[in-house]
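First up is the structure itself, then whatever we jot down about it.
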């Protein structure tokens with residue numbers, strides 16, 4: 001007998017079906033036993049006699065039964081299969097589950113984060129955790145589809161780099177045969193090389209940062225969504241692409257993931273017709289006027305500044321996202337392009353949303369001689385950048401790009417408190433699946 | 001003046017356009033100079049006077065000129081813009097390229113592989129190398145699309161693993177804060193965990209093998225296309241999915257990449273109505289009968305056996321791909337499922353194509369107790385598999401899956417001689433972008 005998927009039951013009233021799935025919950029009502037049966041397509045209610053009462057959550061079962069229409073007053077409008085129930089006739093336990101260490105049946109999974117992660121393979125099965133992963137899948141896929149529609153080519157960047165080029169302290173060394181290489185902190189150099197090949201490129205990959213402390217916003221390994229494009233007229237072209245990508249992500253989330261957003265009681269951020277773009281110094285001035293906090297001489301925005309300027313953007317422009325441009329050159333990497341009209345400031349931007357950085361980007365140097373100077377100025381050796389420098393030596397157009405953090409966006413869209421909740425198996429200084437050492441301080 | 005893309009010129013006869021791109025080649029004919037101008041959409045011929053004669057390959061230029069219809073006899077049918085040419089009026093060099101170390105103008109790039117890789121950022125720009133990357137992009141994307149259409153959820157596996165679980169010798173250690181973790185040899189354990197979450201899952205990621213020798217078929221870092229599915233009736237269900245994915249990859253390549261396949265003078269492999277499935281012992285018997293080579297007691301197929309059985313499949317079944325099933329349990333990892341009817345052999349398979357392995361897969365154990373036994377039997381500690389074992393402890397259906405190597409398939413479809421040619425920036429024991437040490441023996 002062919003398997004019927006749970007979602008198909010709603011159209012099979014009166015038919016006998018064979019279902020396979022996990023027991024989600026069991027409720028005993030005297031002689032009648034109700035279970036919620038879950039498969040990849042949804043949940044359906046099964047009614048049976050005492051033989052169902054042996055079942056417990058996460059048991060893997062096969063059930064043969066009759067699809068019945070529910071009485072009008074018992075219809076569950078919150079369930080796609082809420083108009084039917086299965087009258088169980090045969091039960092086969094395919095695989096018995098151990099007793100769960102905590103209750104998984106509630107709408108929320110009320111566990112401390114360390115417990116949530118200690119039992120990750122189990123807690124991932126809770127609908128609210130599944131929802132996080134489904135939302136993230138859409139974010140990544142929309143990023144891809146949006147860029148493909150804008151003529152970008154996808155490539156696969158290596159995660160191994162030959163030298164520690166961007167700040168040696170926060171990089172992980174790899175014992176590579178009889179030498180050392182490093183885990184890449186971003187595919188930055190590779191995507192710039194690829195502009196010389198396909199002009200417009202993007203990649204979805206892993207990036208690694210040996211973050212020296214535990215925060216709610218940082219992971220040691222994260223999913224980076226990176227794009228780069230040539231023949232730009234100005235760095236506004238790049239922000240235009242970022243904006244288009246973000247709008248398409250939101251649109252796809254609303255199309256494909258409204259159920260998951262509803263589980264978290266959230267909506268995608270509100271955007272105005274155009275996301276505001278203001279200079280960092282202007283932002284500091286606005287913050288000073290609004291709060292009296294004077295950070296106008298600081299070379300960067302503090303976390304509290306980022307939150308305040310997001311509030312301003314929402315109140316004054318009706319946009320929960322805002323571009324901050326023209327960060328000081330001193331705070332940006334060697335490949336950053338200075339504003340010709342004000343060379344202490346860069347043609348770079350961050351996209352902030354709901355108080356946190358979502359994306360960073362900007363125009364890059366594209367002239368070979370300027371690269372040699374920039375690399376020497378930072379005290380590095382051009383020899384270490386040999387493959388990278390080739391791309392500029394042999395003709396590179398004006399170019400720039402951006403990177404989005406998939407976990408950050410997931411976190412901010414769903415309103416999660418800790419970026420670890422937005423990572424399938426989060427890696428940090430204390431954990432790679434299992435706890436590496438006794439935690440000094442729990443993630444807050 | 002707005003930029004016109006090269007491919008748009010064919011429909012703009014009589015119009016003045018502004019083009020941007022790279023000089024691909026230059027030909028001087030007395031007072032007339034011809035250049036091929038390349039952008040992300042194609043190549044178009046530009047005619048001008050002496051001022052174009054300063055240009056060289058890879059210079060980045062902006063050209064304003066008039067789109068002219070070519071005389072009938074000068075039409076180039078091999079070029080999408082072959083019906084037009086651009087009469088240059090203004091030229092601006094956006095970025096000058098250094099003189100190339102070798103000629104890039106020919107149809108083929110005739111370089112030894114080490115030179116090809118030493119200048120990778122430049123050689124990637126050659127149309128034949130670009131073609132490899134375009135073909136690979138389609139292979140990866142078709143894999144994704146095919147599985148999505150079969151109800152699989154995409155997830156992002158971590159590339160860091162806490163313990164060296166599958167053969168310690170060939171694994172790269174990572175210096176991770178004050179401890180050690182490892183680069184994952186495959187997302188195997190994670191995709192199995194994810195069957196408990198979404199039932200059908202796939203991931204596109206990097207896998208790492210510290211291959212102890214240099215061969216034409218192995219990379220230290222490669223792109224793995226991994227899928228896993230629950231509630232299978234038999235391991236034939238998995239092969240059915242592999243076959244569907246492969247057919248859709250071929251179909252998409254023929255739809256989207258016929259130009260690239262033509263550059264290599266190849267077609268996608270011929271398939272019969274159903275890809276043959278034969279047991280390893282049967283394959284050895286066939287090889288013995290065809291060649292007299294008696295490997296019937298060997299626990300695995302030799303490379304020459306793989307080539308011979310592919311020849312047999314093509315000749316006898318009209319299929320350039322063939323599934324080999326039932327490898328001995330002794331040659332397969334601990335999670336492999338034994339054939340109940342013949343427990344020395346496993347419900348596993350390899351997909352061979354054109355003489356080389358394309359995919360490997362099979363049914364897995366799904367019972368917690370059986371896992372404990374299998375792990376102990378291999379001399380490992382269940383404690384090291386804590387997160388993994390949770391997935392089985394709390395209910396896992398009968399399941400299995402497969403993995404495809406993106407570079408292997410790219411190599412075999414295009415008929416490349418070395419898998420390094422199918423990798424953007426290949427990593428092996430001698431090279432991570434740059435040569436790590438003086439090569440002992442060049443890749444053959």
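Each reported figure results from applying straightforward, stated rules to the coordinates on display, with no laboratory input. Quick caveat: nothing in here was measured; it's all calculated off a predicted structure. So basically every Cβ, Gly included, is an ideal-geometry build from the backbone, and we count neighbours across all protein chains shown.
Computed quantities for the displayed model
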item	result
Approximate spin-label separation residue A:145-residue A:315, in nm, with each point projected 7 Å along Cα-to-Cβ	3.7
Cβ-Cβ FRET estimate between residue A:234 and residue B:304, R0 fixed at 60 Å, reported to 0.05	0.50
Calculated label separations, residue A:7, copies of the chain, 7 Å along the beta-carbon direction, nm	3.3
R0 of 51 Å, Cβ-Cβ distance residue A:289-residue B:11: FRET efficiency to nearest 0.05	0.45
Pairs of alpha carbons in the stretch B:208-323 whose separation is greater than 26 Å (percent)	38
Average projected area [Cα convex hull, the stretch B:44-202], square nanometres	16.8
Mean Cα-pair separation over length for the stretch A:6-95, i.e. relative contact order, pairs under 8 Å, 6 or more apart, %	33
Principal axis dimensions, chain A - Cα atoms, whole angstrom, descending	81, 58, 45
Residue of chain B whose Cβ sits closest to the axis mapping B onto A, with distance in whole Å	B:174, 3
Relative pair counts by distance (%), Cα atoms of the stretch B:110-186, 10 Å bins	15, 23, 25, 34, 4
Other-copy label distances relative to residue A:298, 7 angstrom Cα-Cβ extension, nm	6.7
Over chain B: helical MRE at 222 nm, DSSP H runs n ≥ 4 each giving -39500 (n - 2.57), nearest 500	-8500 deg cm²/dmol
Average beta-carbon neighbours from other chains, 10 Å sphere, peptide B:426-436	5
For q = 0.17, 0.30 Å⁻¹, Debye-computed log10 I/I(0) when each Cα of the stretch A:1-46 counts as one equal scatterer	-0.50, -1.10
Which of A:244, A:92 has the fewest Cβ neighbours within 10 Å, and the rest in rising order	A:92, A:244
Likely footprinting exposure, A:367, B:305, A:36, A:433, fewest C-beta neighbours within 10 Å first	A:367, A:36, B:305, A:433
Full-extension gain in nm, residue A:90 to residue A:296, via 0.36 nm per residue minus C-alpha separation	66.9 nm
Surface/4 estimate of mean projected area, convex hull on alpha-carbon atoms of the stretch B:6-95, nm²	5.3
Share antiparallel - DSSP beta bridges, the stretch B:1-151, percent rounded to 5	90
Relative contact order of chain B, pairs being alpha-carbon contacts under 8 Å that are 6 or more residues apart, as %	13
Estimated translational D of the stretch B:330-427 in µm²/s (Stokes, Kirkwood radius over Cα pairs; 10 °C; 1.306 mPa s)	101
Nearest 10 degrees, 0 to 90: helix A:127-149 Cα axis against chain A principal axis	50
Helix axis angle, B:280-291 relative to chain B longest principal axis, alpha carbon, degrees	60
Per-copy distances of the residue A:18 label point, shortest first, in nm (7 angstrom along Cα→Cβ)	6.7
Average beta carbon contacts from partner chains per residue of B:171-183, 10 Å cutoff	6
At 0.692 mPa s and 37 °C, Stokes diffusion of the protein assembly as shown via Kirkwood alpha-carbon radius, µm² per second	111
Between 0 and 90°, nearest 10: helix B:188-198 axis offset from chain B longest Cα axis	90
Exposure proxy order (Cβ contacts within 10 Å, fewest to most) of B:429, B:347	B:429, B:347
Inter-site label distance for residue B:3 and residue A:331 at 7 Å from Cα along Cβ, in nm	3.0
